[in-house]
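Here's the structure we're looking at; comments come further down.
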Amino acid sequence: MATLLDALRQLSVVDCDTLDAEGKPATLGAIAAKFGPFSDCTSNQAIAFAELSKIDSDGKPLYQELIVESLQVAHWLFGKQTEATLEELAVELMMVGLSLRMAPHTTGYLHVQTNPKLAYSAQKTIKNAERIVSHLRQLAPAFDTSRVCVKIPATWEGLQACRELEKKGIATLATILFSLEQTALAADAGCRYIAPYVNELRVHFDPSYVDTAPSVAFCGAAQQYLDSRVDNRTQVLAASLTSIEQVMQLAGIRHITISPPLLATLAASPAADWPGAASIGDVIKNVAAAAAAPERQAQLEALVNDESGWRMAFTRAGAGAAETKLVQALNIFVDMQEKLEEIVRRADVAMRADST
């Protein structure tokens, strides 16, 4: 019997939003066998922290081996550069190590997010992205690094970093995106993907919080705008979903990244019996033409070379909501980055104690 996941795959490419391997490659195989095939695997500092903070039945870090190995490599690299702290290097290596576990179970990109603390520095973000690719080469020499896509927060500086990285042949995704202003600049920069967050990031960390204005319809508007561009290659990858209803409304968006719990629900739900069947693909069916209107296109395209104009337009987008949601997400991701760095510091103290 066809499931909602089957129905979704008829209309969109399904990606997995997880690094949850439970420390065992076989678990990834089971996820892929049950819910795959997947094209891409997406991740971020929050997903990485959720994994790396797990404890096994003996009370030890589930990923102790990965943490220690990453720290050892970070110590070796630290003296060879001056651009990143020991903790930052180790976090990069841990996130790359987690992502590589998904490589055998995906056919497309592994998405690794840059340090959110660097979101307002184009040059530091570029260096960060280049290190991520270098780490992949070092940790997995046989891995095709054309399959890595670096996720970068969609600030003005972040999108300028995307522009330079794409020129260097490094694929990029503009993340935590909430506006057509960000969409236009990401497309002009040549990003492979944009990741509109359907729900504010806060909903995943505060059970009492509900996003009262989810960006479901915006995903359709962004895709319509991109499709109207000549020689466009940027694709929408919808993210931050909280229900199967939202997922199915987005059917028809190019890529949708979905967490394992939602994948499981979709795979267990017969398409024929689903009460919301009439809403499948609503976003594409009901998208307004405004985003592709010539006057709106001209307005957006005039901003991509006007930093002050773009910043003001972004500040005003959605009466300030777009910028507010981006800043909120950056704060959460920075918190998670700092928690990951604390894992490194604790491991470093323990490693030094063991060596004395």
**Message:** Looking only at helices (runs of 4 or more DSSP H) that lie completely in region 288-356, which have at least 2 residues being within 18 Å of the chain's Cα centre (by Cα), closer than 21 Å to residue 116 by Cβ and not aliphatic (A, V, I, L, M)?
**Reply:** 321-355
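Results for (1) in contact (Cβ under 8 Å) with a residue 24 or more places away in the chain; (2) part of a helix (DSSP H, G or I); (3) among the acidic types (Asp, Glu); (4) closer than 16 Å to residue 318 by Cα, shown as yes or no for each residue.
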{"position": "157", "(1), (2), (3), (4)": "yes, yes, yes, no"}
{"position": "162", "(1), (2), (3), (4)": "yes, yes, no, no"}
{"position": "173", "(1), (2), (3), (4)": "yes, no, no, no"}
{"position": "181", "(1), (2), (3), (4)": "yes, yes, yes, yes"}
{"position": "185", "(1), (2), (3), (4)": "yes, yes, no, no"}
{"position": "188", "(1), (2), (3), (4)": "yes, yes, yes, no"}
{"position": "212", "(1), (2), (3), (4)": "no, no, no, yes"}
**Request:** Output the residue which, of all residues in region 29-67 that are over 18 Å from residue 132 (Cα atoms) and of a type in the set (Val, Ile, Thr), is surrounded by the fewest Cβ atoms within 10 Å (Cβ to Cβ).
**Result:** 55
**Item:** Residues satisfying the stated conditions in region 312-336, i.e. at positive phi and of a type in the set (A, V, I, L, M)
**Value:** 319
**Fill in**
Among (1) closer than 20 Å to residue 173 by Cβ; (2) touching a residue at least 40 places away in the same chain (Cβ under 8 Å), residue 47 falls short only on (2)
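Here's the yes/no breakdown for (1) part of a helix (DSSP H, G or I); (2) basic (Lys, Arg); (3) under 19 Å from the mean Cα position of the chain (by Cα):
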site	(1), (2), (3)
46	yes, no, yes
50	yes, no, yes
58	no, no, no
83	no, no, no
89	yes, no, no
96	yes, no, yes
112	no, no, yes
117	yes, yes, yes
125	yes, no, yes
**Every residue from region 25-59 that is more than 29 Å from residue 116 (Cβ to Cβ) and either charged (D, E, K, R) or at pLDDT 95 or above (or both)** = 34, 58
**Asked** Among the numbered criteria (1) more than 17 Å from residue 111 (Cβ to Cβ); (2) at pLDDT 95 or above, which single criterion is violated by residue 172?
**Response** (1)
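The values are calculated or read from the model by the stated rules, or taken from the named source; none is laboratory data. The structure presented is a predicted model; accordingly, all values stated were derived computationally and were not measured. In this analysis, Cβ positions are derived from the backbone assuming ideal geometry, glycine residues included, and neighbour counts consider all displayed protein chains.
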